[in-house]
Amino acid sequence: MPDIILLPLDSRPCNTDRPLRLASLAGADLLLPPRELLGRYTRPGRPDLLKSWLWEEGQSCRNFIINLEMLLYGGLIASRSFGTALEEAAYRMQMLYRLKERQPDISLTAFGVILRSTITVSDAADMEVWRLMPLYSELLGRVHSGEQGLKRELQRLEAKIPLEIREGYLTVRRRNHHLNIAAVKAVSDGVLDYLVLGQEDATPQGLHCLEQREIMDIISRSGLSNRVTLLNGADELGALLTARALGPARGEIAVKGSPDASWEYIARYEDMTIHDNLEQHLHLLDWSIDAKSDIALMVNLPHNEEMPDIFLGEEASPSISYDSLYGKVEDLLSNKSKVGLVDLAAVNGADDRLMSGLAERGALGQLSAFAGWNTAGNSIGYALAHLGALAAAEKRREQEEIARDNAVILLEEYADDWIYQSRCRTVTVNSARTKGISPFDLGSCHAEVEAELQACMRMELRQLEEQVSFPMLAADIGINWDIFLPWPRLFEVGVRASAISAAR
């Protein structure tokens with residue numbers, strides 16, 4: 001009998017492998033649907049077959065974590081298009097009511113996404129519209145809020161965005177917002193025990209802000225503030241809710257950040273301050289900040305308000321003292337039993353200078369958790385999920401086993417968030433473009449590009465293994481790496497590490 005059933009956001013490793021790894025670390029059995037039902041990139045998952053799978057497998061489980069995008073539309077990418085009518089999606093949501101009616105004592109948690117400000121990029125031609133859509137959403141939001149004098153600017157922008165894209169975007173927004181409100185009602189009805197709505201990539205102003213206000217007003221009027229959480233993020237939520245299901249009812253964590261002034265920055269692709277987003281992620285776990293806690297989170301905050309996007313080829317211009325930052329990490333490692341590092345200097349990849357310096361100082365082998373991928377919310381949430389899984393593991397497993405398995409998970413995190421996102425992805429994207437291959441649609445060149453990426457990764461990972469030493473891994477233990485592209489694009493990678501005897 002599984003401890004938890006997770007219906008993930010989609011089939012990418014961040015939504016499947018990572019929660020599975022953390023559950024295993026904690027000594028728990030997490031059950032995922034068959035991969036073929038989850039879809040792949042622009043091919044949607046199979047909601048109706050997933051409903052049948054949930055109904056059948058759910059008979060032997062007491063703890064469910066259900067993603068609404070997968071249940072209603074077939075995944076995150078599918079939720080951004082109008083392949084599913086409102087009525088059909090609303091019918092699928094009734095599955096939550098059926099599960100609770102059959103087993104009133106189950107724990108039923110759901111998480112969903114408030115639609116992003118822009119479109120999905122499936123080829124290079126989409127990039128210009130991808131850049132324009134956030135401004136379009138912002139202007140429309142300001143107009144709907146009553147701001148005057150924006151008509152001409154809005155008309156000029158609309159002339160640059162095809163009518164079909166604008167109309168489709170607004171139609172999908174209305175459908176998704178209606179169903180997010182329906183999910184809040186499911187909490188009020190006693191069907192959902194807990195609901196998280198994550199704001200996907202957004203800007204500080206836009207139509208999503210109007211949707212958030214309406215949802216928060218419903219939450220306030222219904223007295224649901226302890227059962228519904230809104231935050232910035234999406235891809236981290238499956239892992240975070242897994243940790244919540246496994247962990248202690250309450251927890252404390254010490255938090256340090258550098259530079260301190262950056263807590264009030266609004267991270268790129270988000271609409272709340274980093275401080276507030278951290279608070280919301282902690283609220284989800286029912287954790288609070290306590291400087292005396294033996295668990296600590298060190299946050300490498302943005303060095304300035306212009307957070308670079310590593311995926312777009314932007315480079316950071318560091319304006320901080322790295323020696324001071326190294327010292328703060330080392331001080332926590334000396335005084336706390338568990339230290340997680342969150343790297344927010346840039347989006348879509350780790351701070352190469354920070355990671356190289358910590359590797360040279362031998363600090364990476366002493367950390368308990370690390371995250372420096374995608375957005376600030378993704379990194380904050382996943383690092384907290386990792387620390388939460390470790391806390392849960394101590395009640396279920398022997399310390400030596402935990403330390404060994406955690407070392408392998410850390411290597412995967414370094415390989416993905418640092419080596420891939422900050423090094424090899426850039427090399428492989430540039431190489432693909434010189435050959436006329438779109439990094440957003442590899443098509444028939446998937447295997448060729450994947451092989452080139454694997455060569456880069458293996459070279460870098462050999463160096464990583466030499467730099468990072470884990471006391472709990474014996475000298476005769478080697479690491480076997482499985483590196484793959486889960487979707488036919490270069491935005492994400494699959495990295496699976498396993499410890500093997502070097503004598504084999």
Please give the helices (runs of 4 or more DSSP H) falling wholly within the range 196-310 in which 3 or more residues are more than 21 Å from the chain's Cα centre (by Cα) and not hydrophobic (A, V, I, L, M, F, W, C). 207-222
When the residues of the range 346-390 are narrowed to those that are assigned to a loop (DSSP other than H, G, I, E, B) and small (Gly, Ala, Ser), which ends up nearest to the chain's Cα centre (by Cα)? 372
Picking from 75, 83, the residue that is modelled with pLDDT under 95 and closer than 24 Å to residue 197 by Cβ would be 83
Only one of 274, 295 is out of contact with any Lys or Arg (no Cβ under 8 Å at 6 or more places or on another chain), crowded, with 16+ Cβ neighbours inside 10 Å and either farther than 30 Å from residue 428 by Cα or touching a residue at least 60 places away in the same chain (Cβ under 8 Å) (or both), namely 274
Taking residue 81, is it out of contact with any His (no Cβ under 8 Å at 6 or more places or on another chain) and surrounded by fewer than 20 Cβ atoms within 10 Å (Cβ to Cβ)? yes
Could you list, ordered by first residue, the pairs with Cβ atoms under 9 Å in which the first is in the range 430-449 and without any contact (Cβ under 8 Å) to a residue 12 or more places away in the chain and the second is exposed (fewer than 15 other Cβ atoms within 10 Å of the Cβ) and part of a helix (DSSP H, G or I), at least 6 apart or interchain? 433/124; 435/448
Give me the pairs, please: first residue somewhere in the range 27-52 and more than 17 Å from residue 85 (Cα to Cα) and in a helix (DSSP H, G or I), second residue anywhere and polar (S, T, N, Q) and at pLDDT 95 or above, beta-carbon distance under 8 Å, and either six or more positions apart or on two chains. 35/11; 35/16
Return the residue satisfying two criteria in turn: it lies in the range 22-42 and is closer than 30 Å to residue 443 by Cα and among the charged types (D, E, K, R), and of such residues it is surrounded by the most Cβ atoms within 10 Å (Cβ to Cβ). 40
Looking at 211, 158, which is the one that is under 20 Å from residue 271 (Cβ atoms) and either surrounded by fewer than 20 Cβ atoms within 10 Å (Cβ to Cβ) or assigned by TED's automatic domain parsing to the domain that holds residue 119 (or both)? 211
From the list 113, 191, 121, which one is surrounded by 13 or more Cβ atoms within 10 Å (Cβ to Cβ), at pLDDT below 95 and either assigned to a loop (DSSP other than H, G, I, E, B) or not assigned by TED's automatic domain parsing to the domain that holds residue 272 (or both)? 121
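The values are calculated or read from the model by the stated rules, or taken from the named source; none is laboratory data. Just so it is clear, the model here is predicted, and its values are computed rather than measured. As a convention, Cβ positions derive from the backbone with ideal geometry for all residues, glycine included, and neighbour counts pool all protein chains shown.
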